[in-house]
1. For the chain, what is the percent of antiparallel DSSP beta bridges, rounded to the nearest 5?
2. Divide by every residue of the chain the summed helix terms, -39500 (n - 2.57) for each DSSP H run of at least 4, and state the resulting mean residue ellipticity at 222 nm, rounded to the nearest 500 deg cm²/dmol.
3. I want to verify a result. In a Gaussian network model of the chain, Cα cutoff 10 Å, which of these has the top mean-square fluctuation: Thr61, Thr72, Thr118?
4. Can you pull out the chymotrypsin sites (Phe, Trp or Tyr not before Pro) in segment 6-79 whose DSSP state is coil and whose Cβ has at most 14 other Cβ atoms within 10 Å?
5. Of Ala189, Gly152, Ala205, which is farthest along the charge dipole of segment 107-216 in the positive direction, counting Lys and Arg as +1 and Asp and Glu as -1 at C-beta?
6. With +1 on the Cβ of every Lys and Arg and -1 on the Cβ of every Asp and Glu, and nothing else charged, how large is the dipole of the chain about its Cα centre, in debye rounded to the nearest 20?
7. Place a +1 charge on the Cβ of each Lys and Arg in segment 1-98 and a -1 charge on the Cβ of each Asp and Glu, then give the dipole magnitude about the Cα centre in debye, rounded to the nearest 20.
8. Counting only heavy atoms of the protein chains, get the accessible area per residue of the chain (1.4 Å probe) and round it to a whole Å² value.
Amino acid sequence: MTITITAFEKSPDGGMGLARDTRVRWALEEVGQPYDVRLVSFAGMKEPGHLALHPFGQIPTYEDGNLAIFETGAIVFHIAEQHPGLLLPKEHNARARAISWMFAALNTVEPPILDLVTVKIFERDQPWAADRLPLVADRIRARLDKLSARLGAAEWLDGEFSAGDLLMVSVLLRLRMSGILDEYANLAAYVARGEARPAYQRAFAAQLAINAPPTR
Ligand code: GTB
């Protein structure tokens, strides 16, 4: 049975890899798991067929035989569990620590980064948007100060590359356009290391091929 994920028919980022299917593609590439992609329009996401897979009408989803799951973190976790030792260490404590980093990426580091997108795009016409922006940026810096200190000169967050790094790099790269990532040389280098991985390159190229196909 082939694994099928869903992705935007046309991503608003035009193929910069910021939509969350890139994270799932990256995990599948890291473990060497072939997959199919079903493209979904914004309207299609809200139709009953897709809502049966994703209760909030979003992408990505993941189907494998009679299993259908949603939420990028849960999908990446499932993929990692299917391939012990590749994205999660086999040793019990190291595995638990890698899972901590997965949750830290999604629950602690990503929320203020999402707030930045919200204030810059969706709230930009509000009279208070200009006042809110520096507050949100400082909340991001508060997280990055600590993350940068913890990473130090290490290659990855806890020993070998793990699903924790995959999600943390995916979260941080959303910051590049803001310039905040470049305030932290070790984090910028960490993100670049993640993006240089062959599996990431394949995942990025696959989503780009959909969103910015060659003109001829
Ligand atoms: N918590 C869920 C998860 O982690 O899976 C969040 C899923 C989610 O936000 N999905 C978005 C979606 O389907 C796409 S990834 N949105 C459509 C909708 O809600 O109707 C978020 C995203 C979208 C676009 C860009 N971009 O263009 O830069 C970046 C990220």
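1. Working: 6 of 12 bridges.
Close to 50 percent.
2. Working: 10 runs with 109 residues, N = 216.
Helices in the chain give a 222 nm mean residue ellipticity of -15000 deg cm²/dmol.
3. Thr118
4. Numbers: sites: Phe8, Trp26, Tyr35, Phe42, Phe56, Tyr62, Phe70, Phe77; in loops: Phe56.
Sparse-neighbourhood loop chymotrypsin sites (Phe, Trp or Tyr not before Pro): Phe56.
5. Ala205
6. Details: 23 positive and 26 negative charges, 49 e Å.
In total the dipole reaches around 240 debye.
7. Details: 9 positive and 12 negative charges, 44 e Å.
Once rounded to the nearest 20, the dipole reads 200 debye.
8. Numbers: 11110 Å² over 216 residues.
That works out to 51 Å² per residue.
The values are calculated or read from the model by the stated rules, or taken from the named source; none is laboratory data. Everything numeric here is computed off the predicted structure, so don't read it as measured data. FYI the Cβ positions are ideal-geometry reconstructions off the backbone, even for glycines, and counts take in every protein chain you see. The accessibility values were calculated without ligands, DNA or RNA, using every heavy atom of the protein model including side chains. Shrake-Rupley method; radii C 1.70, N 1.55, O 1.52, S 1.80 Å.
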